[in-house]
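Okay, structure first, notes after.
Laboratory data are not the source of any read-out in this text; all were calculated from the coordinates shown. As the structure is a computational prediction, the values presented were derived from the model and not from experiment. Cβ coordinates were reconstructed from backbone atoms using ideal geometry, including for glycine residues, and neighbour counts include every protein chain displayed.
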Amino acid sequence: MVLLLVAPWTAAQCVLQFHAWEQTEPSVAWITLGMCALLGGLVWRLRAGTPGAAAMGAAITACLIWGTIQFPYTDWLRSALTPLLVTLALTLSATRLGRRWRKKRNSHTEIDFEEAHRGRDAAQVAANLGGAAISVTLVPFAPAVVAHNPNFAALIAYAVLAEAAADTVSSELGQAFGGTPRMITNWRRVAAGTDGAVTLEGTLAGLAAAGMVALAGIWTLTGAVRGQWLGLALILVGGVAGWVFDSLLGAVVERRGWLNNDAVNFASTVCAGAVTLELARGLAALMLWQG
C-alpha cells in the first residue's frame, strides 16, 4: 500500500520536474538525472538494495534535488543531495554493524540473511524516504504556507530524512551495543528487537544521527534562511517527534499485527513532516521567523 501511494506520485513528479527544468535549465535536468542513476546503480552494486529499490531511491533523489537545489545551479551540494547522502551513509553503516553483531551472536535470522544478499526492497525505500519526496513536491502547491518561507518544503523533507536516520541507527546500534531494552509505553524490560523497545545507547545514537542530518540539511540553506539555529531546531524537533511516534506505533500497533513495519515507518515520516510544518507555520505567524 505504501509503495502504491509513493511510486506513482514520485514517478509523475519526476516527469513533470524534468520537463520543467529541461525547458529552463537543461543542465540541471540532465545532470540530476545522471547523478541519480549513478547513485541508484551504486546502491544496487553494493547490494544495499534490490533493482526496484535502487530505481525507487533514484526517483526520490531526483525529486528531492529538483525541489531543493539553490542558485547558482552549479553548486549541487546545496540541495537535498547532501542530507540524503548523510542519511544513506549513516543507515548503511548502522545496518551493516547490526548484521555483524547478529552474526557474531549467532542470532541472525533468515530475513537478515536474505536482506544482506538482496538489500532493501522498493517498499522499504518508499516507506522511509517517500515522505520526503511527497513533501518537497506537495508543499509548494500551498501558496499561503510557502509565502511565509519558501524553504518550508526543504525543512519538512529534511525532518523526514532525520527521522529515517534516527530510526534505523537507534534500532541497529541499540541492539548491537545497548543494554537491556525497555518498552517505551510502560518501561518494562523486554527482549532485544522487540517492537517499541528502546535503549539509552540506541537513543543517544539516534539523536546523533538526527543531528548530523539536520546540520547537513540546514547547511544547504545557508544564505537563504534567517535564523539558522531555529531552522536546525525545527528539523531536529520534527525528526525526533516522528522517531518517538515510530516507537509508540511499534509498541501499540505493530506488535498486534495491525500494521507492518513499512506502514509504521511511513506514518512516522509523515508525523515528522507534519510536526515540522506546523511548528514552522506557527513561528512564521508570530513573526518570529521569516524567509
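Some values worked out for this structure:
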{"quantity": "Vicinal HN-Hα couplings computed from phi for the stretch 209-217 (Karplus, 6.51 cos²θ - 1.76 cosθ + 1.60; Hz; Gly/Pro x)", "calculated": "5, 4, x, 5, 5, 4, 5, 5, x"}
{"quantity": "Mean Cβ count within 10 Å, highest first, over the residues of peptides 167-173, 95-101", "calculated": "167-173, 95-101"}
{"quantity": "In nm, spacing of pseudo-spin labels at residue 23 and residue 190 (7 Å Cα→C-beta vector)", "calculated": "5.1 nm"}
{"quantity": "Sequence-distant residues sharing a close amide H with residue 120 (under 5 Å, placed H)", "calculated": "49, 50"}
{"quantity": "Estimated vicinal HN-Hα couplings, Hz - the stretch 263-275 in sequence order (Karplus 6.51, -1.76, 1.60; Gly, Pro = x)", "calculated": "5, 5, 4, 5, 4, 5, 5, 4, 4, 4, x, 5, 5"}
{"quantity": "Value of [θ]222 nm, deg cm²/dmol, for the chain, DSSP H segments ≥ 4, -39500 (n - 2.57) each, nearest 500", "calculated": "-25000 deg cm²/dmol"}
{"quantity": "Order by protection proxy (mean Cβ within 10 Å, highest first), peptides 242-254, 74-86", "calculated": "242-254, 74-86"}
